[in-house]
Structure formats: structure tokens, C-alpha cells
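Okay, structure first, notes after.
The values are calculated or read from the model by the stated rules, or taken from the named source; none is laboratory data. Keep in mind it's a predicted model, so treat the numbers as computed, not measured. Note that we place each Cβ from the backbone using ideal geometry, even for glycine, and neighbour counts take in every protein chain shown. Protein only, heavy atoms only, side chains kept; ligands, DNA and RNA dropped before computing areas. Shrake-Rupley method; radii C 1.70, N 1.55, O 1.52, S 1.80 Å.
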Amino acid sequence: MRAIWTGIGITGALVIAAAGLVPAIAEQAPADVTTAAANNDPAFVQVVDNNLENLPTVDLQCPGDWQDLVYYLKRAPLKPDLFTVQQISNQTQLTSYVNRLSADLGEAYAGVIAEAAPAAMNSPCGAPKDHQTNAVIYRKARFTDRGLGARTWQAQSDESGSCANNDQARTKAVKVRLHDKIANKDVTVASVHWATAASGGGTACSESNARETAAELTEDGYGGSLLIFAGDHNVSDLSGGTFRAWYQLLNGDTGGSLGFRDAGYAGCGGSKACLGDNWTIGGDRRIDFVWARKPSGGLPGVTGFHTITFNEGDAADQAETGSDRDDRNYSDHRAVMARVHY
């Protein structure tokens, strides 16, 4: 669901929220166009994030309808400039997905992957989800790879009383430094997938993972005019109406020392009710985030925040193909998107 805050800025939004004048939350129907427009505005980049759940189809043990999201992105106002994804199976599946995006959106995309052939994890959903890794996809008309390669690091988890690198392939993050040819600026972007509570993640080591991720975005020659990371954190921002420690550490708008802006928090003007409405996984929990920061520690502007609902995906599929399995969602996670400004 979408909070209508565009144009008033974070300060104004916070004033409105404090006054109790929280704007209405409404679903955003796909634009009445056949193909989304390319973003050629040098002021911002269009960012999308989703845990793709290995592109589930309607007939699987853990079913879904992954194409709904592609159809939504095709009909959205703007094409993604950057698309961080989690739970892609391998290089073969990433290549296939990038080719599909390129065909439907009408221009070339490219992707960098954390692990081309990740080890099996014996998923309870069976073979289709046995191999899981993460990737960053970018629009080639806007970005070129700076050539530093796709560097990776392992998220931490606690399985023996202390935080150490998790051993699952799917918790390996990937970062890439890209050059924005329109803005003539560099961006470092990363896709992360932290461990579940059952694998020593959740609240355990979440603060450690936040610090490590923030450090990785400027290490090894990375950095640039914007630092962006997004993904499935497997831990919510709120517990009992209070922001968790890891979230406060990251969120510069709440005084967090790591100084990142949460696109959802900016879009909701800090309203906890609005954040709850923008849940990304069942139980009104928001565990998927888009974060951005300037290298100096400044907070970039963020506008156009939107959580892509499953109904919106269904509607896009119906509009594009004339039919849809509305009992199947594009993922277990709702995708989030935002415009991140330089």
C-alpha cells in the first residue's frame, strides 16, 4: 500500500503525522500505459526490491505467480533503474529473469549475482527453492558497471552464543559500484538477505549485520554519490509498537548513528500505523527495506515510496494477459519501490 506523502518532504510529513493528520493509504493501480517510461531525470534513481522466492509458479508445492510483478513493473509509471532481488536460484535463472525484464520493459537490463551456483539448502518447499542467492539488476541505458566486480560478504547469525558468518548460500550479500551516465555520478548498491530466526538470525546479530553492511558500502573502492542497500532482513522494524535496536541504529531519521534513510519511514512520515499498513510479509510485518545514504552521512531525499500489493500484481496480469490466478501471489513478500534522490 502507498502513503501519499510525495512533495511535502520528511519534515512536513513528520509535522503532519505528529498532528494526527495521516494521509489515506490506497492501492495504486498500474498506469494506463503499455510500457513504463524510462527515468531520464538526473535528480533521482528508481529503486525496486523484492524477495522473488525463486520465481514460484501456480502448480508448485509452495505456489505463486511470479509474472504478476513483471507485469506490474511494465505498467508502472517508471521502469526500475535498480532492482535488488533475493532468492534467485542461480546464474541461469537470473539470466532468464533479466531477459524477461528486458523484453517486457523494452530495454536492456543486466545483473550481478552473489553466487552463480549456490549450494543446496534442502528447502521445505522442495527442489525449486533448494538453491538461493541474491543479485542486483540495473538498467543498462542508465548505468555501467565500474568494473570492480561483484563483491560479496556473508551475513552473520548466532548459533553458538556469538555472532559469526552464517553458512547458508542465501545469506551472502552482493554489492556493485555503478556509474550513472545521466547524472554523471557513481552509486554503490547492494542486495542483502539476512538469516531467519531459525538459522540464528532474526533479532540476533541484526545490529552486527547493520554495522557490517554500512561498512561494506564504502570498502574496497566502493562508495560514490549514493549508497543504497535493500533486501530481506528477516527481522521487523517494530516490536510491540517500539522500534527495534537494529532499526534505530540504521535509521538516521530517528537519530541512528549509521545514518541511512529508510524509504518506508520517509514515505510514511514516521507514522507507525502507516508502516504497519506497508507490511511486506504476513502478520503485518515489514521485513523488506530500501535504505539510502550519502557517503558524507547526509540523508538523501526519498519520494514515491510504494509497497506493491498482491492485488495490484493480479490486476496487472489481468490487464496484460486477460487472465490471472488471483489465488496466487507473485511472492511471499510484497515488493517495495522508491525514488532515491542524489
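In summary, the convex hull built on the alpha carbon positions of region 141-206 has an orientation-averaged projected area of 5.4 nm². Put simply, the Cα atoms of region 51-203 extend 48, 38, 26 Å along their principal axes, the longest span coming first.
Expressed as a whole percent, how much of the Cα-Cα distance distribution for region 195-342 exceeds 28 Å?
So the pairs more than 28 Å apart make up 23 percent of the total in region 195-342.
Restricting the calculation to Cα atoms, region 188-261 shows an Rg/Rh of 0.97 when the hydrodynamic-style radius is the Kirkwood one.
With the largest listed first and rounded to whole Å, the semi-axes of the equivalent ellipsoid of region 44-136 from the Cα gyration tensor are 23, 15, 11. Centre-to-centre separation between the Cα atoms of region 291-310 and those of region 47-91: 20 Å. The residues of the chain present an accessible area of 36 Å² per residue when probed at 1.4 Å with all protein chains retained.
Probe radius 1.4 Å, ligands and nucleic acids left out: which of M337, M121 has the largest accessible area, and how do the rest follow?
Values: M337 10, M121 60 Å².
Largest to smallest exposure gives the sequence M121, M337.
At a temperature of 10 °C and a viscosity of 1.306 mPa s, determine how fast region 145-278 diffuses translationally according to Stokes-Einstein, using the Kirkwood radius over alpha-carbon pairs as Rh; express D in µm²/s, rounded to the nearest whole number. Mind showing how you got there, number by number?
On the way: Rh = 15.7 Å.
The Stokes-Einstein estimate is 101 µm²/s.
In region 138-286, the DSSP beta bridges split such that about 70 percent are antiparallel, to the nearest 5.
Considering only protein heavy atoms and a probe of 1.4 Å, how much of the accessible area of the chain is carbon and sulfur, as a whole percent?
Values: 5920 of 12380 Å².
Accessible surface attributable to carbon and sulfur in the chain totals 48 percent.
Can you give me the orientation-averaged projected area of the convex hull built on the Cα atoms of region 262-342, in nm²? Don't jump to the answer; show the numbers that get you there.
Numbers: hull surface 25.4 nm².
Value for region 262-342: 6.3 nm².
The loop-placed trypsin sites (Lys or Arg not before Pro) in region 51-150, going by DSSP, that have at most 15 neighbouring Cβ atoms within 10 Å of their Cβ come out as K140.
Loop-resident trypsin sites (Lys or Arg not before Pro) (DSSP state other than H, G, I, E or B) in region 150-222 with no more than 16 further Cβ atoms inside 10 Å of their Cβ: K181.
Note that region 218-228 has calculated 3J(HN,Hα) couplings of 10, 8, 6, x, 7, x, x, 7, 9, 10, 10 Hz, one per residue in order, obtained from phi through the Karplus relation 6.51 cos²θ - 1.76 cosθ + 1.60 (θ = phi - 60°); glycine and proline are x. For the residues G313, G298, G147, a GNM of the chain with alpha-carbon springs under 10 Å puts the largest fluctuation on G147.
Looking at region 219-273, what % of the alpha carbon pairs are farther apart than 17 Å? Value for region 219-273 (Cα pairs over 17 Å): 43 percent. In the calculated pair-distance distribution of region 243-303, the portion above 14 angstrom amounts to 54 percent of the Cα-Cα pairs. Size descriptors for region 40-87 (Cα atoms only): Rg and Dmax, in that order, 13.2, 44 Å. Pairs of Lys residues in the chain that lie 8 or more places apart, or on two chains, and have C-alpha atoms under 27 angstrom apart add up to 25. With q set to 0.07, 0.12 Å⁻¹, the log10 of I(q)/I(0) for the chain, from the Debye formula over equal scatterers at the Cα positions, is -0.25, -0.79.
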